[in-house]
Amino acid sequence: MKQFTISKLIDYTSILGIIIWFSAFFLDNWIRDWFFPSSWGSTATMLILPALGTFILIVSIYYKKLWTGLLGIFFIISFPLTFGLAYLILGP
């Protein structure tokens, strides 16, 4: 049986967060629908990704992984970052 380390858990959680962020960005109908609490983009970027980001940030600080910690910070502020990016790309 293979050993499963916390370091691998951080990597897999980071990959899961990236997949959730891409699905929130590309599977929602329109970026303006993110203010409705029932949309997938709103749920993913306001509830799921900040929780994952907090977990990733805490564990990456403990294991001293800088880039994973920065990714955790990105997940924590994913809603304003994603909404602002989409607003710049797609317009008002």
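Remarks
- Within segment 64-92, residues that are outside any helix (DSSP H, G or I) have Cβ atoms under 6 Å from residues that are modelled with pLDDT of 85 or more and of a type in the set (V, I, T) in no pair, counting only partners at least 6 apart in sequence or on another chain.
- Complete set of residues in segment 55-72 that are open to solvent by less than 60 Å² (accessible area, probe 1.4 Å) and at pLDDT 80 or above: I56, L57, V59, S60, T68, G69, L71, G72
- When F35, F25, F4 are checked against the criterion of being under 26 Å from L88 (Cα atoms), loosely packed, with under 14 Cβ neighbours inside 10 Å and either among the aromatic types (F, W, Y) or at pLDDT below 80 (or both), a single residue qualifies: F35.
The values are calculated or read from the model by the stated rules, or taken from the named source; none is laboratory data. Note that the structure is a prediction, hence the values are computed from the model and not measured. As a convention, Cβ positions derive from the backbone with ideal geometry for all residues, glycine included, and neighbour counts pool all protein chains shown. Side chains included, ligands, DNA and RNA excluded: accessible areas come from the protein's heavy atoms. Shrake-Rupley method; radii C 1.70, N 1.55, O 1.52, S 1.80 Å.
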